[in-house]
1. Cα centroid distance between segment 54-128 and segment 25-46, in Å?
2. Compute the normalised compactness of segment 5-92: alpha-carbon radius of gyration over 2.2 N^0.38 Å, N being the residue count.
3. Please work out whether segment 76-127 counts as rounded, prolate or oblate from its C-alpha gyration tensor, where a ≥ b ≥ c are the square roots of the eigenvalues and a/c under 1.5 means rounded, while otherwise a/b larger than b/c means prolate and anything else oblate?
4. Just need the relative contact order of segment 1-40 here, percent rounded to a whole number, with Cα pairs under 8 Å and 6+ apart.
Amino acid sequence: MAAAAELKLLEKSLGLSKGNKYSAQGERQIPVLQTNNGPSLTGLTTIAAHLVKQANKEYLLGSTAEEKAVVQQWLEYRVTRVDGHSSKDDVRTLLKDLNSYLEDKVYLTGYNFTLADILLYYGLHRFIQRQKILTVDNLSKLSQQRWTFETTQDNVKRSDIDTVVSSCRL
């Protein structure tokens, strides 16, 4: 899923009105948002955090200093480890690493749903579209993980991570 499409889905799930203009720059197609009042914003996580703040849903960025740091860690993971990696070995490693990490957690930060969960889901979703059928063995925790979009206005359930896991064949 292209970054602009991800950001539009994020806008919708946050209850923001459409109208932001996205473009991409460079070979890696880094997303850019031209704001109405100020400089343009560059980068998936920068723009996503801006949209969360615009929607007054800062809790998605973390509630405590530690949780905020963990959210930032996983946003960096998304950009550095998930984006641009599409070999079967890379996908297998990513999914196994995530499965191990989630062994004792409900969400990436523990028990609170955050922007990191949303963007990581979007990043994994593209593997389904590119490789269509994956089989993942011994990823029970990852396949049980629920990825939902919780907002104060509504509860829009997207898809479960088991769709990602069971829909992929490595």
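Quick note: the coordinates plus some simple rules give every number you see, no bench work behind them. Model, not experiment: these values are computed from the prediction.
1. Going from one Cα centre to the other spans 21 Å.
2. Working: Rg = 14.2 Å, N = 88, 2.2 N^0.38 = 12.1 Å.
Working it through for segment 5-92, the quotient is 1.18.
3. Details: a/c = 2.40, a/b = 1.45, b/c = 1.65.
Judged from the Cα gyration tensor, segment 76-127 comes out oblate (a/c at least 1.5, b/c at or above a/b).
4. Working: 30 pairs, mean separation 12.0, N = 40.
About 30 percent, as a whole number.
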